[in-house]
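What follows is calculated from the coordinates using simple rules that are stated; it is not laboratory data. Quick caveat: nothing in here was measured; it's all calculated off a predicted structure. All Cβ positions, glycine included, derive from the backbone under ideal geometry; neighbour counts span all protein chains shown.
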Amino acid sequence: MAGFWDFLKGFLPDSFIKVINDNRKIIVKDTEITVGNKTINDPETLSKFFNAIANFKESESFPFQIIHQDLFKDYVDYENVSIQEKQSLSLLKENLSSEEIECILMARRVHLAFNKNDKDLAKNLLEQLEKNYPSKGKKVFNLIHAGYFDELIIPMISICKAQYSTNSVEKFREFYNDILKFFPTAIFVSNNVDEESIKKEILKRLRLKRIPFIKIHSIGQINVEKVEKVISSLKEEKKGKFSITDNRFVTPSGMSAQVLIISIVKNFT
Amino acid sequence: MSEDDPILVFDESSKAKIIKLLGFKEEDSLLIDEEGLVQTNQQYEPVSAKDFGGVLKGSKIVIKKDQLELARYFASK
């Protein structure tokens with residue numbers, strides 16, 4: 001911050017600097033600078049301001065960010081995610097590659113948009129996440145959105161550290177990659193998954209020795225109905241092998257949602 | 001990093017001026033500095049004037065106008 005004020009000192013009026021304290025967005029145009037409801041268009045002040053920016057072209061570092069208007073909201077959102085998730089990101093950065101962290105940050109941002117009930121932005125960000133990380137973006141988001149990231153994945157870092165003193169990073173990466181490939185205790189039902197696939201995924205998990213439960217997460221009435229049909233058919237086929245806890249709720253955006261828990265009574269062979 | 005840090009924001013109408021102030025110019029649609037070096041993002045991909053999304057503080061990282069660039073920036077901090 002000091003660097004930025006040093007940059008402004010001397011040529012911007014005090015009244016303008018006071019406004020900057022409350023408005024971090026300084027809009028720079030060819031013939032004016034605007035902060036909040038204050039605009040400077042005095043040519044002499046503008047010239048000093050632009051010269052001050054130009055002075056940094058030789059230096060190795062900048063005291064401020066200069067970003068395109070279209071990226072401003074993205075910047076603020078990523079900054080918020082980084083601040084809110086500072087502790088967990090710091091742990092993850094010690095254990096995962098930069099590419100994984102980028103994917104997690106983007107997925108956290110989608111989660112933030114959903115929590116804020118900004119449906120259009122969330123949908124758009126989710127599409128971008130899937131485009132940038134086709135094999136894992138949606139999975140990472142699902143794990144974050146369902147709470148598994150904070151409840152299971154991040155605590156696993158400490159467990160790996162305690163268990164494997166020399167290669168804990170490698171072991172955690174193995175665990176993380178395995179989770180992204182196949183998550184035994186959860187299934188996420190999306191719009192492009194049909195009933196047959198849901199059933200197949202449940203049966204695959206029911207065959208796992210010692211698996212205590214399977215949580216099926218679905219959002220949207222159509223997805224909830226798909227799960228209902230599959231469970232109804234499985235109840236007939238696997239009578240007495242599991243019990244069901246059906247938790248229904250409405251998301252902040254008003255959509256029907258369900259977390260259906262299949263508790264295993266007896267393992268299948 | 002502070003959430004109070006001011007941010008200079010430009011739009012398409014002032015992009016050319018910002019590019020010039022930063023000491024860049026356009027050559028074969030790419031951004032080059034005064035030494036003639038093509039500007040690259042964190043992934044060492046050339047950045048064109050059309051895609052120019054700004055310069056981030058610290059080590060003066062040039063970014064494309066794409067939110068992934070910001071995810072990369074915050075991931076690397």
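Overview of values
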{"read-out": "Residue under evaluation A:GLY137, criteria (1) touching a residue at least 40 places away in the same chain (Cβ under 8 Å); (2) touching a Cys at 6+ places or on another chain (Cβ under 7 Å); (3) of a type in the set (Gly, Ala, Ser), criterion not met", "value": "(1)"}
{"read-out": "Residue satisfying all of: in region B:1-23; over 27 Å from A:SER90 (Cα atoms) and among the polar types (S, T, N, Q); nearest to the other protein chains (Cβ to nearest Cβ) among these", "value": "B:SER14"}
{"read-out": "Scope region B:24-34; condition exposed (fewer than 15 other Cβ atoms within 10 Å of the Cβ) and within 11 Å of chain A (Cβ to nearest Cβ); matching residues", "value": "B:ASP33, B:GLU34"}
{"read-out": "Residue ranges of helices (runs of 4 or more DSSP H) in region A:160-260 with at least 1 members surrounded by 11 or more Cβ atoms within 10 Å (Cβ to Cβ), of a type outside the set (Val, Ile, Thr) and touching a strand residue (DSSP E or B) at 6+ places or on another chain (Cβ under 6 Å)", "value": "A:195-206, A:221-237"}
{"read-out": "Check on A:LYS48, surrounded by fewer than 17 Cβ atoms within 10 Å (Cβ to Cβ) and farther than 19 Å from B:LEU56 by Cβ", "value": "yes"}
{"read-out": "Residue in region B:9-18 that is closer than 27 Å to A:LEU126 by Cα, of a type outside the set (Val, Ile, Thr) and within 12 Å of the chain's Cα centre (by Cα) present", "value": "yes"}
{"read-out": "Scope region A:16-28; condition in a helix (DSSP H, G or I), in contact with a strand residue (DSSP E or B) (Cβ under 7 Å, 6 or more places away or on another chain) and either more than 19 Å from A:VAL76 (Cα to Cα) or not hydrophobic (A, V, I, L, M, F, W, C) (or both); matching residues", "value": "A:PHE16"}
{"read-out": "Single residue of A:LEU71, A:LEU8 found to be farther than 30 Å from A:ILE159 by Cβ and in contact with a Lys or Arg (Cβ under 7 Å, 6 or more places away or on another chain)", "value": "A:LEU71"}
{"read-out": "Hits in region A:146-169 - residues which are under 19 Å from the mean Cα position of the chain (by Cα) and not β-branched (Val, Ile, Thr)", "value": "A:ALA146, A:GLY147, A:TYR148, A:PHE149, A:ASP150, A:GLU151, A:LEU152, A:PRO155, A:MET156"}
{"read-out": "Selection count where residues are in contact with a Gly (Cβ under 9 Å, 6 or more places away or on another chain) and without any contact (Cβ under 8 Å) to a residue 12 or more places away in the chain, scope region B:20-53", "value": "3"}
{"read-out": "Counted residues, region A:61-91 - those being within 8 Å of chain B (Cβ to nearest Cβ), part of a helix (DSSP H, G or I) and of a type outside the set (A, V, I, L, M)", "value": "9"}
{"read-out": "Residues satisfying the stated conditions in region A:100-132, i.e. among the charged types (D, E, K, R) and outside any helix (DSSP H, G or I)", "value": "A:LYS116, A:ASP118"}
